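In what follows, a structure is listed as structure tokens, so that the remarks can point back to it.
The values are calculated or read from the model by the stated rules, or taken from the named source; none is laboratory data. Being a predicted model, the structure only gives us computed values, none of them experimental. Note that each Cβ is placed from the backbone with ideal geometry, even for glycine, and that neighbours are counted across all protein chains shown. What goes into the accessible areas is simple: the full protein's heavy atoms, side chains included, and nothing from ligands, DNA or RNA. Shrake-Rupley method; radii C 1.70, N 1.55, O 1.52, S 1.80 Å.
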Amino acid sequence: MVAMAATASLFPVSSPQPNSGAKNSGNHKGGLGGVDLHGIKSKSTTSYGLQVKTNAQAPAKVNGTRVGVMDGLKVDDNSSSGAPRTFINQLPDWSMLLAAITTIFLAAEKQWMMLDWKTKRPDMLADLDPFGFGRIVENGFVFRQNFSIRSYEIGADRTASVETLMNHLQETALNHVKNAGLLGDGFGSTPEMCKRNLFWVVTKMQVLVDHYPTWGDVVQVDTWVAASGKNGMRRDWLIRDCRTGEILTRASSNWVMMNKVTRRLSKIPDEVRAEIQQYFVDTPPVVDDDNRKLPKLDENTADHIRNGLTPKWSDLDVNQHVNNVKYVGWILESAPQHVVEKYELASITLEYRRECMKDSVLQSLTSLLAGGGGGKADSDNVDCQHLLRLEGGGGEIVKGRTKWRPKYAKQVQEHQSLPL
């Protein structure tokens, strides 16, 4: 109907002269000039000098049933309006064309505004990382990727957990290898590493958290690699708030190679070194190495013990051992409850001793260190020592050290520093 009306307005049909003597056609057996079905009679309709009438024949019987058959359309030459034909009333109706053009322009303007708005949204970051895939910057030495903090990544404090941040670190590390064109068939392994059944394992991880992001925040993660000794590699990260540029987290880690078949550590082959050394950056680590020797920790010196920790199938990675981020959750399982509730994790240092396989049963031990507040609620900071080992006095899996600060301490300090 709309298309017919628009066509009629732009291309008007000229009306025949009145009283042209045109006869009704298509009448059968005394058909009427108008349509009369069961006593309902429609009158002729006038529209811009064009009058349409319909004819119908008398109802017929088909198989004993009376049916109405439309006989056809009848065009009446006589116009009841009697309006004289002038140059003005024969011009096309340009208002419909103008309305269509206006609608198109409004729709285009709306789409443009939506695109312009998306570039200014911090969670889209179209000018930096439009789809969150990441990219290589700083002359090819740094990989940068943005992450939006999801609702399922925050905890009871409405902030992202340390496991969430460490998952972002691991994700950017793997994507760095992929975007550099060094990803083979393995989990972060280069083609030459895959030929020799080698893969990377982390030996030490240090994470310092200055401020935790919350739900809806967008963080920017930068990562790069450097040499570490003769047969190791160091990887550093910086996590920033995309909106303010503030550094939220700093992390540094050391990696070595392990043979997938023998499960033993391996030297870096020359072929592998040739692949990766071009990406090494000669810079100091973003976190000072915490090489303090921790006292011996066992069931006699531990303040808190959690037994019976077992990995699930979902805790394993493609190298068939427990993912290194999972150890953080197990370590915190034995942390004192009053520390977890009243303090937040400010830093964590992990030293990985051996693999944890799917059939392992673990024991988590924690002790409060002297000189770090002793775990008292009114102290400024709390230092803890951790050990994750095989249950029954077995081998050590991970040794760790954590530092805790009172929750919301930073917000209180910022509030006190404001001018009154």
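Using every pair of separate Cα atoms, the Kirkwood estimate puts the hydrodynamic radius of segment 124-289 at 16.6 angstrom. Note on exposure: L265, L368, L198 ranked by accessible area (1.4 Å probe, complete protein assembly) read L265, L368, L198, with the most exposed listed first.
Solvent-accessible area of Y279, all protein chains in place: 40 Å² (probe radius 1.4 Å, heavy atoms, ligands and nucleic acids excluded). Taking 0.36 nm per residue of separation and subtracting the Cα-Cα distance, full extension of the segment from N259 to Q278 would add 4.5 nm. Counting Cα-Cα pairs of segment 252-336 in 10 Å increments starting at 0 gives whole-percent bin shares of 11, 27, 37, 20, 6.
Using the Cβ-Cβ distance between K312 and A100 with R0 set to 56 Å, the FRET efficiency from 1/(1 + (r/R0)^6) comes to roughly 0.40. You can think of it this way: the chain between H338 and T301 has 11.4 nm of extra reach, that is 0.36 nm per residue less the Cα-Cα gap. What the Cα convex hull of segment 197-348 gives, in volume per residue, is 179 Å³. Across the protein chains, with a 1.4 Å probe defining accessible surface, the residues R292, R243, R234 rank R243, R292, R234 from largest area downward.
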